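Peer 1: Supplied in structure tokens, the structure appears directly below.
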Amino acid sequence: MKMNWTMTRRRLIAPATGLAVLLFATVSAYPDARVHGSPERGHAIVSRSCAACHGADGNSTNPLFPKLSGQNPDYLYGQLRAFKAGGRQSRIMAPIATDMSDTDMADVASYFARQSIRADQVRDKAGVAAGRHIFYDGANHGATPACAMCHGASAGGMSMMGGMMHGMPMMRGMMAAIPKLNGQHAAYLVRQLQEFASGRRQSMMMNSVAASLTHEEMQNVSDYLADTP
């Protein structure tokens with residue numbers, strides 16, 4: 001059964017207003033820019049530095065490593081810079097990012113963005129259905145905002161917040177740095193939600209959202225996203 005996004009959008013208007021205020025507090029960290037790298041140069045860098053873990057086309061086969069294919073290039077570029085600067089911690093990614101110039105990062109991000117992600121097949125369809133409800137309607141009887149507010153109606157499309165901020169250049173830049181989640185490994189998503197919940201990974205929005213979810217809810221919404229092409 002297809003989700004009626006129009007009805008869901010109406011249910012999200014009120015909480016989205018408050019969310020916009022919170023997002024505006026971090027706007028200065030996201031310039032109104034778009035990554036424009038060379039996919040051809042990026043392919044060469046990926047072949048020697050990224051493919052072993054993330055796959056030659058960004059579709060990693062190991063659920064410990066995220067799929068990067070089809071990802072928002074602004075998000076990928078921002079995460080590489082965060083690994084290099086130490087804002088995001090990873091013993092694997094830090095040395096790799098440190099050896100990359102800003103141009104290298106833009107090239108890699110542009111290459112992965114042009115690849116097509118392949119969704120996983122999740123057997124627990126009941127969990128997928130429960131996760132769909134969390135994604136569109138939130139958790140805790142609406143106290144936890146719906147993921148679709150920021151991550152989009154199809155986990156990779158235009159989010160409701162993105163539509164609201166269409167006429168605000170600085171906010172558009174910030175919304176462009178939100179990752180696409182569709183097709184991502186469920187195990188990876190669960191681990192990131194746990195990292196946000198514990199505070200080991202920092203995000204003004206995601207720390208509180210993840211902390212409000214049970215492990216079962218994390219697994220369900222992750223299964224839904226993994227199963228969504």
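Peer 1: Being assigned to a helix (DSSP H, G or I), more than 19 Å from residue 179 (Cβ to Cβ) and touching a helix residue (DSSP H, G or I) at 6+ places or on another chain (Cβ under 6 Å) is the filter here; which residues of the stretch 108-144 pass it?
Peer 2: Of everything in the stretch 108-144, those that are assigned to a helix (DSSP H, G or I), more than 19 Å from residue 179 (Cβ to Cβ) and touching a helix residue (DSSP H, G or I) at 6+ places or on another chain (Cβ under 6 Å) turn out to be 127, 128, 130.
Peer 1: Further, regarding this structure: Can you find a residue that is crowded, with 19+ Cβ neighbours inside 10 Å and at pLDDT 95 or above anywhere in the stretch 157-165?
Peer 2: no
Peer 1: How many of the residues in the stretch 189-227 are small (Gly, Ala, Ser) and within 14 Å of the chain's Cα centre (by Cα)?
Peer 2: Within the stretch 189-227, the first condition is being small (Gly, Ala, Ser), and the residues that meet it are 197-199, 203, 208, 210-212, 222, 226.
Of the ones still in play, those that are also within 14 Å of the chain's Cα centre (by Cα) are 203, 210, 222, 226.
Here the count works out to 4.
Peer 1: Okay, moving on. If a residue has to be within 22 Å of residue 34 (Cα to Cα) and surrounded by 13 or more Cβ atoms within 10 Å (Cβ to Cβ) to count, how many in the stretch 51-86 make the cut?
Peer 2: Taking the stretch 51-86 and keeping what is within 22 Å of residue 34 (Cα to Cα), we get 57-58, 67-85.
Those still in the list that are surrounded by 13 or more Cβ atoms within 10 Å (Cβ to Cβ) too: 57-58, 67-84.
Count: 20.
Peer 1: Regarding residue 195, is this residue under 23 Å from residue 124 (Cα atoms), at pLDDT 90 or above and part of a helix (DSSP H, G or I)? Please lay out each step first, then the result.
Peer 2: Values: under 23 Å from residue 124 (Cα atoms): no; at pLDDT 90 or above: yes; part of a helix (DSSP H, G or I): yes.
Answer is no for this residue.
Peer 1: Six or more apart or on different chains, Cβ under 6 Å: which pairs go from a residue in the stretch 108-127 that's among the basic types (Lys, Arg) to one that's part of a helix (DSSP H, G or I)? Could you list them?
Peer 2: Between residues of the stretch 108-127 that are among the basic types (Lys, Arg) and residues that are part of a helix (DSSP H, G or I), the close pairs are 114/39.
Peer 1: Oh, and also: Hey, any hits in the stretch 182-192 for a residue that's touching a Ser or Thr at 6+ places or on another chain (Cβ under 9 Å), farther than 23 Å from residue 62 by Cα and assigned to a loop (DSSP other than H, G, I, E, B)?
Peer 2: No; the residues of the stretch 182-192 include none that is touching a Ser or Thr at 6+ places or on another chain (Cβ under 9 Å), farther than 23 Å from residue 62 by Cα and assigned to a loop (DSSP other than H, G, I, E, B).
Peer 1: To continue, here is another question. Can you tell me how many residues within the stretch 203-227 are surrounded by fewer than 16 Cβ atoms within 10 Å (Cβ to Cβ), among the aliphatic types (A, V, I, L, M) and assigned to a helix (DSSP H, G or I)?
Peer 2: Residues that pass the stated criteria total 1.
The values are calculated or read from the model by the stated rules, or taken from the named source; none is laboratory data. Please read these numbers as outputs of a predicted model, since none were measured by experiment. Note that each Cβ is placed from the backbone with ideal geometry, even for glycine, and that neighbours are counted across all protein chains shown.
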